[in-house]
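Okay, so here's the structure we're looking at.
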């Protein structure tokens, strides 16, 4: 416990003294916030799909080869409803904003539940690289415009019967008539619209400003090895290349530092909620 407290104090002081705080948030952070894709939350809300298809969790279910569009959209409408529209604010995201909100922060995230916006982070300080559960795109895609899917999702979840939605509810592209798709980066059809490019440019400008002779903190939250090239590896590379940087890594299963950054990384495999509670007690 003494060693844990020492690491906590060192990390808090580092954040407090940082000129720039670059937050990198992965799936582990949303899971720690209560948006869990397995266990009781999945079992309570997908009993019919579990019984019919043998699904085991929401992550692997995303790859299930549903035979019809009616079945596919029945599953995905409930998935999106559960993770994008029914959650609301979460305490862990709120606590993160309390920690960094008065700093020169920026958020790079692979999460697609829209939680940073829902919890009040500034729009021009967020780059959600992998898309958003709340957006549709053409599956082709025949054009690069995105559309809110909220009306569809709410209507679809009310009309699921035997793990299917009515055929006339299947979402279609308003331009070409093909089926819509969720705006998630799963292959090369992912649409990077004007808003995505704006987020990308904001992130690039932030990195340019942070590349000065200032104290830079990389606060990495719940980032594993599903897509390490987006957050984990770049954070390690930037920590290695810049002298005035510290990487603070919070991850229950993959918290270790690379050998090159051993003296510049503060690692935690304890619960994020416990870590945040301690840090907030010092504010």
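Derivation of every value follows stated rules applied to the coordinates shown; laboratory data play no part. Not measured: the values here are computed from a predicted model. Ideal geometry is used to build each Cβ from the backbone, glycine not excepted, and the neighbour counts take in all protein chains shown.
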Measuring from the longest principal axis of the C-alpha atoms of the chain, the long axis of helix 272-281 (C-alpha) lies at a number of degrees, nearest 10, equal to 50
Please state the relative contact order of the chain as a whole percent: Cα pairs under 8 Å, 6+ residues apart?
25
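Which percent, nearest 5, of DSSP beta bridges in the chain are antiparallel?
Beta bridges within the chain, antiparallel portion: roughly 25 percent.
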Compute the angle between helix 2-17 and the longest alpha-carbon principal axis of the chain, please, reported from 0 to 90 degrees and rounded to the nearest 10.
90
How do the peptides 31-38, 13-20 rank, highest first, by the average count of neighbouring beta carbon atoms within 10 Å per residue?
31-38, 13-20
Counting each DSSP H run of 4 or more residues in the chain as -39500 (n - 2.57), what helix-only mean residue ellipticity at 222 nm follows after dividing by all residues, to the nearest 500 deg cm²/dmol?
-11500 deg cm²/dmol
Of the DSSP beta bridges with both residues in the stretch 89-215, give the percent that are antiparallel, rounding to the nearest 5.
75
Only Cα pairs under 8 Å and at least 6 apart count here; give the relative contact order of the stretch 1-118 as a rounded whole percent.
44
Nearest 10, in degrees from 0 to 90: the angle of helix 232-241 to the longest Cα principal axis of the chain is 20
I need the calculated FRET efficiency for the pair residue 161 and residue 282, taking r as the beta carbon distance and R₀ as 45 Å, to the nearest 0.05.
0.30
Global form of the stretch 46-201, assessed from the alpha-carbon gyration tensor, a/c cut-off 1.5
oblate
For the stretch 112-234, what does the relative contact order come out to in percent, with C-alpha contacts under 8 Å and a separation of six or more?
27
Three-way shape label, the stretch 221-283, alpha-carbon gyration tensor, a/c 1.5:
oblate
